[in-house]
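The values are calculated or read from the model by the stated rules, or taken from the named source; none is laboratory data. All figures in this text were calculated on a predicted structure; none of them were measured in a lab. Glycine gets a Cβ as well: all are built from the backbone with ideal geometry, and neighbour counts include every protein chain shown. Just the protein is used for accessible areas: all its heavy atoms, side chains included, with ligands, DNA and RNA removed. Shrake-Rupley method; radii C 1.70, N 1.55, O 1.52, S 1.80 Å.
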Amino acid sequence: MTITTVLDPRWGESDPTHDPYLLANFKARPDDVLITTAPKAGTTWMQNILHQLRSGGDPEFYSIDSVVPWLELPRDGLSHTEVLERYSAIQSPRIFKTHCTYEQTPGTDRVNIIMSSRDPRDCMVSFYHHIMDMTDEVRARGHFSQIETFDDVFHLWMEFGAWYRNVASWWPHFNDDNLLWLRYEDMKHDIDTCVDRIIAFLHWEVSPTQRLAVNEYISFHWMKANADKFVRNSMGEPVFKPGGFIRKGNVGDYKQKLSGTQEQQILEKAKEILNAECLRYLGLG
Ligand code: PPS
């Protein structure tokens, strides 16, 4: 496999969770499904929903990353070519997760895209627990080792701005035929209807018996009880302490944690960046 090493800036800068070479060289297939989300907006839940629907119900998979890889994630010890060859070897329909913006996502004119969005206030609080619940080893060698307080994480989250970038870049594509946008809050309220919409969007066939199995394996209860499948990184190492990551899965958890001023800062920035229709759709208008 020959890969492009001259990069168009559209693919973004390299960082520990973003490899622009993988994006620039990824060969998208028309039946690929890409899950796009801002961090903490229901990514892993959607990865598991799609894996379960594709397999007809599979409680045995080793890790979610092994069945639904994170597209742009650099893999320790593997070259770009080796990662891309692994992607090529996956049988169709392939499913990937990405936190990329629309502009950075390969194959947007061809693939099926499912967006999961979530209230930014809950994403911020979930992100705080994400950092705090990392194992000591992972935290010590990661770039979050100096971050200790809720306020530290709040500032980091606001400054990093991934939620805003993600939502702002995908919103103009809300009505694209190959995009289905689901809100985490609606999935919590009525997962059956959301799963029906996913099946109809992808034209996948799922029998009533398979659907029963899928319903069980995508429940918060099952995912919490089988959390080891969701907390392993690509090396198979647990990234989070027991009880972390598949944590509470609630809507409105931010009310326990955010100060009034912090909440206002999150909402003000959303109002600066997103249009009124988008804010209304997200329940922030
Ligand atoms: S990441 O790190 O970006 O991949 O995180 P992400 O998977 O997007 O978000 C993690 C939050 O999703 C919750 N979660 C669920 N909620 C409801 N039902 C199910 N089945 C489910 N699975 C995961 C998880 O608990 C995290 O939210 P918080 O609020 O921290 O509990």
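State all residues of region 214-228 that are assigned to a helix (DSSP H, G or I), of a type in the set (A, V, I, L, M, F, W, C) and within 21 Å of Arg118 (Cα to Cα); if no residue qualifies, say none.
Phe220, Met223 - these are the residues of region 214-228 that are assigned to a helix (DSSP H, G or I), of a type in the set (A, V, I, L, M, F, W, C) and within 21 Å of Arg118 (Cα to Cα).
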### Message
I'd like the full set of residues that are more than 13 Å from Asp136 (Cβ to Cβ) and touching a strand residue (DSSP E or B) at 6+ places or on another chain (Cβ under 8 Å), limited to region 235-246.
### Response
none
### Task
Among the residues of region 229-285, count how many are aliphatic (A, V, I, L, M) and in a helix (DSSP H, G or I).
7
### Query
Among the residues of region 186-210, how many are in a helix (DSSP H, G or I) and within 16 Å of the ligand (Cβ to nearest atom)?
10
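Of the residues in region 186-241, how many are of a type in the set (Phe, Trp, Tyr) and open to solvent by 80 Å² or more (accessible area, probe 1.4 Å)? Step through it out loud before you land on a result.
Just the residues of region 186-241 that are of a type in the set (Phe, Trp, Tyr), to begin with: 201, 204, 217, 220, 222, 230, 240.
Retained after the next criterion (residues that are open to solvent by 80 Å² or more (accessible area, probe 1.4 Å)): 220.
Number satisfying all stated conditions: 1.
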### Query
Tell me, which residue of region 27-52 that is part of a loop (DSSP other than H, G, I, E, B), crowded, with 22+ Cβ neighbours inside 10 Å and hydrophobic (A, V, I, L, M, F, W, C) is nearest to the ligand (Cβ to nearest atom)?
Ala41
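Would you mention how many residues in region 153-185 are open to solvent by 30 Å² or more (accessible area, probe 1.4 Å), in a helix (DSSP H, G or I) and closer than 27 Å to Ala227 by Cα? Step through it out loud before you land on a result.
Of region 153-185, the ones open to solvent by 30 Å² or more (accessible area, probe 1.4 Å) are 155-156, 159-160, 165, 168, 171-178, 183, 185.
If we keep only those that are in a helix (DSSP H, G or I) as well, we get 155-156, 159-160, 165, 168, 171-173, 185.
From what's left, closer than 27 Å to Ala227 by Cα: 156, 185.
Counting residues in region 153-185 that are open to solvent by 30 Å² or more (accessible area, probe 1.4 Å), in a helix (DSSP H, G or I) and closer than 27 Å to Ala227 by Cα gives 2.
Which residue out of Phe240, Phe230, Phe220, Phe245 is at positive phi, of a type outside the set (S, T, N, Q) and within 13 Å of the ligand (Cβ to nearest atom)? Before the answer, list the steps.
Values: Phe240 fails: at positive phi; Phe230 fails: at positive phi; Phe220 fails: at positive phi.
Answer to the check: Phe245.
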### Summary
From the option list Val68, Val83, single residue qualifying as more than 18 Å from Arg211 (Cβ to Cβ), without any contact (Cβ under 8 Å) to a residue 40 or more places away in the chain, in contact with a helix residue (DSSP H, G or I) (Cβ under 8 Å, 6 or more places away or on another chain) and crowded, with 18+ Cβ neighbours inside 10 Å is Val68
### Filter result (without any contact (Cβ under 8 Å) to a residue 24 or more places away in the chain and buried (at least 16 other Cβ atoms within 10 Å of the Cβ)) within region 137-146
Arg139, Phe144
